[in-house]
Amino acid sequence: MHNIIRSLDSRQPSPAFARSDAFRRPHYDCLEQMDALKLIVYIPGVDPAGVDLEIRGPDLIVTATKSHLLRANWRALHLEQAQRDYRLRLRLGFSLDYDALEAELREGILTITVPKKRAVEAT
């Protein structure tokens, strides 16, 4: 009898999950203020040019890529995991004004401020 189901070893991962181990989730703090939501994301070793913010519906995706320098005296010492880039995906909802999002990176600390949408007053 033939088996048409491939073994797990022969299956190809989908492109969305092919490199999920290429990123690690950074530490972050979330502070809710009266008129905004403030996120503090810790991404040491990342330059401002390496930060990418993406909005997908109610989700905020932060991708932070380190500048990888190969040293002349480089040796593998299980540092590969510590040198991975960062990716943080948060579901923040539809009550925020993503068009007015502000971000600032200073000394490895990314501060993102997203104002809340103002409630429409009934007249």
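Some observations on this one:
- With the simple model of a label 7 Å out from the Cα in the direction of the Cβ, Thr111 to Asp52 spans 2.6 nm.
- One chain, two ends: Asp99 and Arg118. Fully extended at 0.36 nm per residue, the span grows by 5.5 nm beyond their Cα-Cα distance.
- Full extension of the chain between Leu31 and Asp59 yields a length gain of 8.4 nm, computed as 0.36 nm times the residue separation minus the alpha carbon distance.
Throughout, read-outs are computed from the coordinates displayed, never taken from laboratory work. Keep in mind that this is a model prediction, so the values were computed, not measured. Cβ: placed from backbone, ideal geometry, glycine included. Neighbour counts: every protein chain shown.
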